[in-house]
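Student: Pasting a structure here, questions to come.
The values are calculated or read from the model by the stated rules, or taken from the named source; none is laboratory data. Predicted model, so just to flag it, every value in this text is computed and none were measured. Reconstructed Cβ throughout: ideal geometry from the backbone, glycine too, with neighbour counts over all protein chains shown.
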Amino acid sequence: MRTHRVRALLMGGQACVSYGAAEFSRDVDFAILTSPANLGALRKALRALAAEVIAVPPFEVKYLRKGHAVHFRCHDSQAEGLRVDVMSRMRRVASFETLRRRRTTVELPDGSPFDLLSLPYFVRVKKSTRQRLANPSHAP
């Protein structure tokens with residue numbers, strides 16, 4: 001994502017680990033901006049990962065803007081089997097621009113920065129997801 005300058009915020013289980021939790025996640029979840037330029041950058045990043053859509057909906061902006069996640073499986077030799085999920089709109093959560101302004105930035109082992117969904121929004125997303133899973137009639 002950094003290589004292709006995708007405007008994205010790490011969220012989900014991987015972000016949870018960055019905040020100190022011991023939650024294990026087998027995928028990588030990103031909140032993304034759905035501008036044409038950013039979606040072009042995201043497509044390039046996904047091509048570099050040899051990623052393919054593995055579930056419905058298809059990778060189309062109309063589904064992202066409705067709040068659906070799009071799920072990919074990577075086939076690049078360095079990311080073989082990795083699942084990447086992208087979303088642009090989440091229930092009860094601010095716009096991407098607000099999320100980006102309020103993001104948390106962490107330093108990776110190589111010293112480079114990486115942006116996460118801020119902890120208050122991360123908690124709100126997790127809470128909303130758990131409520132939706134407990135009551136499927138409230139899906140987006």
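Student: Restricting attention to segment 46-59, and to residues there that are of a type in the set (Gly, Ala, Ser) and closer than 23 Å to ARG5 by Cβ, which single residue is surrounded by the most Cβ atoms within 10 Å (Cβ to Cβ)?
Tutor: The residue in question is ALA51.
Student: Under the condition of being closer than 26 Å to VAL61 by Cβ and assigned to a helix (DSSP H, G or I), which residue from segment 106-130 is modelled with the lowest pLDDT?
Tutor: Only one residue fits best here, namely THR129.
Student: Give SER35, SER18 a once-over and let me know the one that is surrounded by fewer than 20 Cβ atoms within 10 Å (Cβ to Cβ), in contact with a strand residue (DSSP E or B) (Cβ under 6 Å, 6 or more places away or on another chain) and among the hydroxyl-bearing types (Ser, Thr, Tyr).
Tutor: That would be SER18, the only listed residue that is surrounded by fewer than 20 Cβ atoms within 10 Å (Cβ to Cβ), in contact with a strand residue (DSSP E or B) (Cβ under 6 Å, 6 or more places away or on another chain) and among the hydroxyl-bearing types (Ser, Thr, Tyr).
Student: Go through segment 3-37 and give me each residue that's over 16 Å from LEU108 (Cα atoms) and of a type in the set (S, T, N, Q).
Tutor: Listed by number, the residues that qualify are SER25, THR34, SER35.
Student: For segment 106-119, which residues satisfy the criterion of being farther than 13 Å from PHE30 by Cα and surrounded by 12 or more Cβ atoms within 10 Å (Cβ to Cβ)?
Tutor: VAL106, LEU119 - these are the residues of segment 106-119 that are farther than 13 Å from PHE30 by Cα and surrounded by 12 or more Cβ atoms within 10 Å (Cβ to Cβ).
Student: Continuing with the same structure: Being surrounded by fewer than 17 Cβ atoms within 10 Å (Cβ to Cβ) and either among the acidic types (Asp, Glu) or in contact (Cβ under 8 Å) with a residue 24 or more places away in the chain (or both) is the filter here, so list the residues in segment 60-84 that pass it.
Tutor: Selection gives GLU60, VAL61, ARG65, LYS66, GLY67, HIS75, ASP76, ALA79, GLU80, LEU82.
Student: Among the residues of segment 74-105, write down those that are more than 21 Å from ALA50 (Cα to Cα), assigned to a loop (DSSP other than H, G, I, E, B) and hydroxyl-bearing (Ser, Thr, Tyr).
Tutor: Across segment 74-105, the qualifying residues are SER88, SER95.
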